[in-house]
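Enquirer: Sharing a structure here in structure tokens format.
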Amino acid sequence: MTTDAPEGTVATEQITREELQLATRNHGMPLEAMRYDVTPVGLHYLLVHYDIPVVDGEAWRLEIDGAVARPTTWSLDDLRAREVVTRPVTMECAGNGRARLTPRALSQPWLLEAVGTGAWTGTPLWPLLDDAGLSSDVVDIVFTGMDAGVEGGAEQHYQRSLTPDQARDEGALLVYELNGAPLPPQHGFPLRLLVPGWYGMTSVKWLSRITAATRPFAGYQQAQAYRFRNQPGDDGEPVTRMRVRSLMVPPGIPDFFSRARYLRPGPVTLVGRTWSGHGTVTEVQVSVDGGSTWVDADVDEAPAPYAWQAWRLDWDAPAGTHELLTRATDSTGATQPLDHEWNLGGYAVNSVHRVGVTVTDHPPDP
């Protein structure tokens with residue numbers, strides 16, 4: 001068994017033992033959970049890069065240091081005493097869908113379920129940085145988590161960065177509650193960063209330090225991982241905001257092993273969720289004939305910026321085998337592609353969601 005699959009390693013064979021090992025540690029959101037406006041904590045997708053730290057919330061402190069006029073230290077009670085904001089925000093893993101690519105990246109083998117919408121409570125990031133007094137020559141704000149591991153051949157803490165403009169303009173929060181309760185250990189207790197609209201790798205968990213840097217941050221998770229590349233050695237472009245996407249709650253009932261869907265003939269309402277990190281979704285279309293024709297679905301307005309939107313379409317399901325598709329268009333005009341757009345890391349896969357369903361009065365016997 002290898003100990004370190006380099007970023008960009010690809011495979012064409014069946015799932016490896018290392019990938020299975022990752023899949024047993026992490027989990028996706030069952031697609032039927034999209035019926036909840038806010039995803040229950042235990043159903044929200046989860047990706048943990050290293051080990052989950054055990055943290056004493058009373059002793060924990062957040063350090064703000066580096067090129068600042070007033071380095072500061074914050075306890076959890078200190079942060080709770082500041083401005084309180086609660087927002088529903090949809091978070092999706094940048095690798096959601098990578099297991100559907102051929103060849104695929106050797107990493108967490110996500111299919112479609114690496115997403116969820118939480119009601120996150122915390123305090124805005126920028127006022128804390130403003131209070132600390134950023135130097136005029138700061139180019140990156142570096143966020144350090146307490147989780148540590150080995151990647152790219154080096155021991156490290158999980159770290160990501162934002163530019164000062166991004167830290168100011170993206171509505172970032174330092175959050176300490178999820179769905180009205182303290183963050184659970186696996187979601188970053190006692191404090192994590194939340195950057196609405198960006199893929200989940202940006203929202204550093206178990207946050208312990210924020211450092212104002214006068215040189216560009218070149219840590220592994222920023223400069224090597226989470227970049228769009230088509231071949232090893234390319235500098236690539238950074239993965240940032242979530243691409244437009246829609247998913248469907250698979251209708252009917254599933255076969256246990258294959259998850260093949262069976263549905264009785266007659267009227268049914270197809271439902272799902274849609275989101276984009278580049279604005280709001282303006283249109284969702286559904287095809288019930290494998291993409292030959294498309295019909296506009298009804299789409300709800302977003303309850304908040306960067307929170308998913310519900311959609312629905314009534315369908316009179318005839319007997320037979322059908323391929324259902326859903327695709328969305330956002331306020332920038334971006335539309336989900338019909339086919340996967342391949343890249344080496346398997347990032348930001350947002351092709352149309354396809355659901356096969358057999359409509360019959362007589363599902364097969366087990």
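The values are calculated or read from the model by the stated rules, or taken from the named source; none is laboratory data. The structure displayed is predicted, hence computed values, not measured ones. No Cβ is skipped: glycine too gets one built from the backbone with ideal geometry, and neighbour counts run over all protein chains shown.
Enquirer: Can you tell which of ALA5, ALA11 is farther than 30 Å from PRO254 by Cα and at pLDDT below 95?
Expert: ALA5
Enquirer: Another question, if that's okay. Which of the numbered conditions does ILE64 fail, given that it passes all the others? Conditions: (1) more than 26 Å from PRO184 (Cβ to Cβ); (2) crowded, with 19+ Cβ neighbours inside 10 Å; (3) touching a helix residue (DSSP H, G or I) at 6+ places or on another chain (Cβ under 7 Å).
Expert: The one condition ILE64 does not meet is (1).
Enquirer: Does PRO88 meet the test of being surrounded by 18 or more Cβ atoms within 10 Å (Cβ to Cβ) and in contact (Cβ under 8 Å) with a residue 40 or more places away in the chain?
Expert: Considered against the rule, which asks whether it is surrounded by 18 or more Cβ atoms within 10 Å (Cβ to Cβ) and in contact (Cβ under 8 Å) with a residue 40 or more places away in the chain, PRO88 comes out as yes.
Enquirer: Here's something else I'd like to know. Give the residue that is surrounded by the most Cβ atoms within 10 Å (Cβ to Cβ), with candidates limited to residues of region 338-366 that are among the charged types (D, E, K, R) and not in a strand (DSSP E or B).
Expert: Among them, the one singled out is GLU341.
Enquirer: Restricting attention to region 81-109, which residues are hydrophobic (A, V, I, L, M, F, W, C) and within 11 Å of the chain's Cα centre (by Cα)?
Expert: Within region 81-109, VAL89, MET91, CYS93, ALA94 meet the criteria.
Enquirer: Next question. GLY252 fails exactly one of the following numbered conditions: (1) at negative phi; (2) touching a residue at least 60 places away in the same chain (Cβ under 8 Å); (3) small (Gly, Ala, Ser). What is the number of that condition?
Expert: GLY252 satisfies all of (1) at negative phi; (2) touching a residue at least 60 places away in the same chain (Cβ under 8 Å); (3) small (Gly, Ala, Ser) except (1).
Enquirer: Name the strands (runs of 3 or more DSSP E) wholly inside region 201-276 in which the number of residues that are closer than 30 Å to ALA317 by Cα is 1 or more.
Expert: 245-248, 261-263, 266-275
Enquirer: So ASP289 passes all but one of these: (1) of a type in the set (D, E, K, R); (2) under 25 Å from the mean Cα position of the chain (by Cα); (3) assigned to a loop (DSSP other than H, G, I, E, B). Which condition number does it fail?
Expert: Evaluating ASP289 over (1) of a type in the set (D, E, K, R); (2) under 25 Å from the mean Cα position of the chain (by Cα); (3) assigned to a loop (DSSP other than H, G, I, E, B) leaves (2) as the failure.
Rundown of residues vs (1) assigned by TED's automatic domain parsing to the domain that holds PRO30; (2) surrounded by fewer than 20 Cβ atoms within 10 Å (Cβ to Cβ), yes/no style:
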| position | (1), (2) |
| --- | --- |
| ALA212 | yes, no |
| PRO232 | yes, yes |
| ILE253 | no, yes |
| LEU270 | no, no |
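Enquirer: I need the full set of residues from region 123-145 which are under 29 Å from PRO88 (Cα atoms), exposed (fewer than 14 other Cβ atoms within 10 Å of the Cβ) and of a type outside the set (Asp, Glu), in order please.
Expert: The answer is PRO127, and nothing else.
Enquirer: Could you figure out which of (1) buried (at least 16 other Cβ atoms within 10 Å of the Cβ); (2) at pLDDT below 95 isn't true of THR102?
Expert: (1)
Enquirer: Got a sec? Which strands (runs of 3 or more DSSP E) wholly within region 68-172 have at least 1 residues that are in contact with a strand residue (DSSP E or B) (Cβ under 6 Å, 6 or more places away or on another chain), within 18 Å of LYS205 (Cβ to Cβ) and among the aliphatic types (A, V, I, L, M)?
Expert: 85-92, 115-124, 140-151, 154-162
Enquirer: Now for a different question. Are any residues in region 30-44 within 12 Å of THR90 (Cα to Cα) and either touching a Ser or Thr at 6+ places or on another chain (Cβ under 7 Å) or surrounded by fewer than 20 Cβ atoms within 10 Å (Cβ to Cβ) (or both), and if so, which ones?
Expert: Result: ASP37, VAL38, THR39.
Enquirer: Let me ask something else. From the residues in region 135-155 that are touching a helix residue (DSSP H, G or I) at 6+ places or on another chain (Cβ under 6 Å) and of a type outside the set (Val, Ile, Thr), which one is modelled with the lowest pLDDT?
Expert: Among residues in region 135-155 that are touching a helix residue (DSSP H, G or I) at 6+ places or on another chain (Cβ under 6 Å) and of a type outside the set (Val, Ile, Thr), the one modelled with the lowest pLDDT is GLY152.
Enquirer: Looking at region 309-329, is at least one residue charged (D, E, K, R), touching a Pro at 6+ places or on another chain (Cβ under 9 Å), surrounded by 16 or more Cβ atoms within 10 Å (Cβ to Cβ) and within 23 Å of ALA94 (Cα to Cα)?
Expert: Among the residues of region 309-329, at least one is charged (D, E, K, R), touching a Pro at 6+ places or on another chain (Cβ under 9 Å), surrounded by 16 or more Cβ atoms within 10 Å (Cβ to Cβ) and within 23 Å of ALA94 (Cα to Cα), which makes the answer yes.
Enquirer: Pick from LEU183, LEU247, LEU173, LEU191: which is crowded, with 20+ Cβ neighbours inside 10 Å, touching a Gly at 6+ places or on another chain (Cβ under 6 Å), modelled with pLDDT of 95 or more and within 30 Å of SER75 (Cα to Cα)?
Expert: LEU173
Enquirer: Just to be sure I understand the filter: pairs with C-beta atoms under 6 Å, separated by 6 or more residues or on different chains, first member in region 50-65 and within 17 Å of ALA148 (Cα to Cα), second member among the aliphatic types (A, V, I, L, M). Which pairs pass?
Expert: Hits for this filter: TYR50/ALA148; PRO53/MET146.
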